[in-house]
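Undergrad: Please see the structure below; I have some questions.
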Amino acid sequence: MCLKRLDIQGFKSFADRIKLELNPGLTVVVGPNGSGKSNISDAISWCLGEQRASFLRGSRMEDVIFAGSDKRKPVGMAEVTLTLDNANKLFPLPYEEISVSRRLYRSGESEYLINKVPCRLKDIQALFMDTGLGRGAYSLIGQGKVDEILSSRPEERRSVIEEAAGIVKYRHRKEEAERK
Ligand code: ATP
Ligand code: MG
């Protein structure tokens, strides 16, 4: 799977729209403390449906919306779009690129979109299940995550392996069918 682009506007320290082109190979983000490096990975997690404000280093979800600075007034909406390459049809959709967007307004209203079409959070979660990029998956390794995996309970470690093996969606469907 290859990330191609990240568009951020009004999210955390990014008041203005920024476009981050991710070329094949390694991308390294460098900058002084507090310049917004971790906010970029937060933007990716958020866009993929992260619901835990604490995981995004905030106390309420509204904390992801640009809160203003000495020179700028706060904004009313945060928006992040992550574009992924789909030339290899890893995602079962007939598009060369898949873009996933999330918006949040100060009113609390929120929106998710896949290729600009409104969808549910559930659709985004289903799309990324077993790809390693979904909620809590192993593609985003934060500080302390390696330790966490090594010292986690066997069931938790098993879920990381199941995601890598691509069987989470089957377990999920089985559980859903059993509930019906
Ligand atoms: P370090 O090198 O210390 O890890 P970093 O480059 O990863 O730093 P971040 O944690 O990404 O820095 O960014 C922190 C900055 O983002 C802080 O200056 C903080 O004020 C700003 N920030 C976070 N949320 C918001 C928000 N909602 N509105 C405005 N600024 C915000
Ligand atoms: Mg950081």
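The values are calculated or read from the model by the stated rules, or taken from the named source; none is laboratory data. Fair warning: this is a prediction, and the values are worked out from it, not measured in the lab. Using ideal geometry, Cβ is built from the backbone for each residue, glycine included, and neighbour counts are taken over all protein chains shown.
Undergrad: Being free of Cβ contacts under 8 Å to residues at least 40 places away in the same chain and crowded, with 16+ Cβ neighbours inside 10 Å, is that true of even one residue in the range 127-135?
TA: yes
Undergrad: Identify the residue in the range 40-50 that is in contact with a helix residue (DSSP H, G or I) (Cβ under 9 Å, 6 or more places away or on another chain) and within 12 Å of ligand 1 (Cβ to nearest atom) and, among all such residues, is farthest from Glu111 (Cα to Cα).
TA: Checking each candidate, the answer is Asp42.
Undergrad: Can you list residue pairs whose Cβ atoms sit under 8 Å apart, with the first residue in the range 26-41 being more than 8 Å from ligand 2 (Cβ to nearest atom) and the second being among the charged types (D, E, K, R) and in a helix (DSSP H, G or I)? Count only pairs 6 or more apart in sequence or on different chains.
TA: Val29/Lys37; Val30/Lys37; Gly31/Lys37
Undergrad: Among the residues of the range 150-163, is there at least one that is within 15 Å of Thr81 (Cβ to Cβ), out of contact with any Gly (no Cβ under 9 Å at 6 or more places or on another chain) and surrounded by 13 or more Cβ atoms within 10 Å (Cβ to Cβ)?
TA: Scanning the range 150-163 turns up no residue that is within 15 Å of Thr81 (Cβ to Cβ), out of contact with any Gly (no Cβ under 9 Å at 6 or more places or on another chain) and surrounded by 13 or more Cβ atoms within 10 Å (Cβ to Cβ).
Undergrad: Answer yes if at least one residue in the range 65-83 is near ligand 1 (Cβ under 10 Å from one of its atoms) and either in a helix (DSSP H, G or I) or farther than 22 Å from Gly108 by Cα (or both), and no otherwise.
TA: no
Undergrad: Out of (1) at pLDDT 95 or above; (2) surrounded by 13 or more Cβ atoms within 10 Å (Cβ to Cβ); (3) not aliphatic (A, V, I, L, M), the odd one out for Lys116 is which?
TA: Here Lys116 clears every test but (2).
Undergrad: Please specify each residue of the range 84-99 satisfying the condition of being closer than 14 Å to Leu133 by Cα and either part of a loop (DSSP other than H, G, I, E, B) or over 19 Å from the mean Cα position of the chain (by Cα) (or both).
TA: Leu90, Phe91
Undergrad: What's the number of the condition Ala53 fails, among (1) without any contact (Cβ under 8 Å) to a residue 24 or more places away in the chain; (2) more than 23 Å from Cys119 (Cα to Cα); (3) not basic (Lys, Arg)?
TA: Status for Ala53: all satisfied but (2).
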